[in-house]
Amino acid sequence: MTSESTDNKQKVENVIIVGGGPAGYTAALYTARANLEPLVFEGFQWGGQLQNTTDVENYPGYPEGIMGPEMMSQFRAQAERFGTRFVTDDVDRVELSDGGVQKVFLGDEEYRAKTVILAMGAEPKRLGVPGEMELAGRGVSTCGVCDGAFFKGHRVLVIGGGDSAMEDSIFISKFADELSIVNRRDEFRASKIMHDRALGVPNIDTLTPFTPLEFVAGEDGKLAKVRLRHSETGEESEVEATGAFVAIGHVPRSEVVKGQVDTDEDGYIKVDAGSTRTNLEGVFAVGDVVDHTYRQAVTAAGTGCMGALDAERYLRDSAPPVEAHWFPGGEPVEMDIAPTGS
Ligand code: NDP
């Protein structure tokens with residue numbers, strides 16, 4: 001997939017969308033169909049978290065299921081069909097304004113827009129214990145679907161008790177000889193169907209209630225064992241494992257707007273109830289960078305649609321006129337507001 005960029009850097013876009021997952025692509029589809037010619041910064045690894053997923057069985061409209069990357073290609077193609085432009089790169093910096101021009105930077109290149117829809121998603125959470133980062137790629141991973149196949153014949157631990165841990169375990173168990181799900185409580189947060197499915201696999205068992213303390217390398221520099229602490233007694237023990245997958249949830253990817261827009265204590269961007277409006281006029285936020293509750297592709301897509309409609313209404317009703325102070329000393333800038341309506 002190649003990057004496209006705009007020729008006219010002085011142009012002020014109607015809408016820039018930051019993020020290329022279900023939320024970003026849906027926002028692109030709707031704003032494109034409203035003739036707003038969206039520019040999407042979809043990230044170097046476009047497609048978001050679904051790029052790291054195999055079967056998606058819970059997205060309506062696919063009764064037989066669909067592979068995550070294939071679904072994202074289709075989302076992207078549908079947005080492209082109506083004129084969406086894509087930049088396949090990660091945004092370096094964003095300068096948000098309350099009702100003025102919004103700026104997005106790729107290195108020194110500046111892109112401007114009247115509205116911005118933030119759809120950066122979330123990323124895997126880390127345990128923050130010794131060895132976790134040092135042994136990343138040498139036995140420790142956060143993506144079962146990406147790395148599971150490397151663990152053929154291995155003894156593997158999956159850390160976590162939610163649906164992600166169950167899903168990863170089921171996938172990795174196709175390759176690993178033995179797999180233990182390590183959960184810090186005896187109860188599992190996962191849905192019953194996913195829990196039952198995982199525990200029904202013959203080479204999967206559970207180790208509870210344990211918290212990982214350290215990932216320990218062997219002489220070859222690769223993961224050899226994991227030190228655990230019993231959550232109730234505090235007793236420490238070691239388990240041999242040459243693979244460990246950390247599947248303990250996600251953190252929102254809001255660093256690029258940190259301190260500029262209101263977020264909660266975990267970094268999720270705050271929006272007005274029932275809308276995608278942030279505390280800044282012309283700045284909207286959608287998908288997993290907002291949602292710490294549902295976090296589904298279908299809910300992300302739904303809020304992507306809401307963001308597009310909110311941005312469209314803002315452009316129609318409240319977007320500021322072209323003002324010289326946006327470009328001090330500069331030439332007048334063309335700012336077509338495209339006709340709205342879906
Ligand atoms: P969750 O937040 O649901 O679960 C995180 C798990 O990790 C919990 O068991 C939690 O324990 C544990 N955990 C968190 N922090 C630590 C830590 N520091 N040390 C040890 N354990 C820790 O995240 P998921 O990613 O599993 O799921 C997120 C959402 O995505 C859910 O809504 C889920 O249903 C959905 N999902 C759906 C799938 C599907 O339908 N196919 C697949 C994957 C996810 P505790 O319970 O004690 O807090």
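A few remarks follow.
- Inter-label distance, nm, simple model (7 Å from Cα along the C-beta direction), Asp92/Asp266: 3.2
- For the range 282-292, 3J(HN,Hα) per residue [Karplus equation, 6.51 cos²θ - 1.76 cosθ + 1.60, θ = phi - 60°, Hz, x = Gly/Pro]: x, 10, 10, 9, 9, x, 5, 6, 10, 9, 9
- Relative packing of 304-313, 197-206, which averages over residues the other C-beta atoms within 10 Å, highest first: 304-313, 197-206
- Computed packing ranks the peptides 109-115, 54-60, 211-217 as 109-115, 211-217, 54-60, most packed first, by mean other Cβ atoms within 10 Å.
- About the Cα centre, charge dipole magnitude for the chain (Lys/Arg +1, Asp/Glu -1 at Cβ), debye: 420
- In the range 61-92, the GluC sites (Glu not before Pro) that fall in loop regions by DSSP, at most 14 other Cβ within 10 Å: Glu64
- 3J(HN,Hα) along the range 54-66, derived from phi through the Karplus expression 6.51 cos²θ - 1.76 cosθ + 1.60 where θ = phi - 60°, amounts to 8, 6, 9, 10, 10, 9, x, x, 10, x, 9, x, 8 Hz, with x in place of Gly and Pro.
- Applying 0.36 nm per residue to the separation of Arg138 and Arg185 and subtracting their alpha-carbon distance, the gain on full extension is 14.2 nm.
- Think of it this way: in the chain, Cys305 stand alone, with no other Cys Cβ under 4.7 Å.
- Restricting attention to the range 126-246, close to 45% of DSSP beta bridges with both partner residues there are antiparallel.
- Per residue, the range 126-246 exposes an accessible area of 51 Å² to a 1.4 Å probe, with every protein chain left in place.
- For the pair Thr293 and Asp220, label points projected 7 Å from Cα toward Cβ lie 4.8 nm apart.
- Bridge type composition, the chain - antiparallel percent by DSSP, nearest 5: 45
- Helix runs (DSSP H) in the chain reaching 15 Å along axis by Cα, Kyte-Doolittle at least 0.0: 22-33, 297-317
- Normalised by residue count, the chain yields a Cα convex hull volume of 152 Å³ per residue.
- Listed by chain and number, the lysines whose alpha-carbon sits under 18 Å from that of Lys11, ignoring those within fewer than 8 places in the same chain, are Lys103, Lys114.
- Note on the range 122-210: the C-alpha convex hull projects to 5.7 nm² when averaged across all orientations.
- Scalar couplings 3J(HN,Hα) for the range 123-133, obtained by applying the Karplus form with A = 6.51, B = -1.76, C = 1.60 to θ = phi - 60°, are 9, x, 7, 10, 6, x, 10, x, x, 4, 7 Hz; x denotes Gly and Pro.
- Charged side chains reduced to their Cβ positions (Lys and Arg at +1, Asp and Glu at -1) give the range 59-120 a dipole of some 300 debye around its Cα centre.
- Dipole magnitude of the range 126-246 about its Cα centre (Cβ charges: Lys, Arg +1; Asp, Glu -1), debye to nearest 20: 280
- Protection proxy ranking of 15-25, 122-132 - average other beta-carbon atoms within 10 Å, highest first: 15-25, 122-132
- The gain in end-to-end length when the Glu123 to Val239 segment is fully stretched comes to 39.0 nm, 0.36 nm per residue minus the alpha carbon separation.
- Contour minus Cα-Cα distance for Thr211 and Ala149 (0.36 nm per residue): 19.8 nm
The values are calculated or read from the model by the stated rules, or taken from the named source; none is laboratory data. Computed from a predicted model, the values in this text were never measured in an experiment. Positions of Cβ are generated from backbone atoms using ideal geometry, with glycine treated the same way; all protein chains shown enter the neighbour counts. Just so you know, the surface numbers come from the protein's heavy atoms only, side chains and all, with ligands and any DNA or RNA stripped out. Shrake-Rupley method; radii C 1.70, N 1.55, O 1.52, S 1.80 Å.
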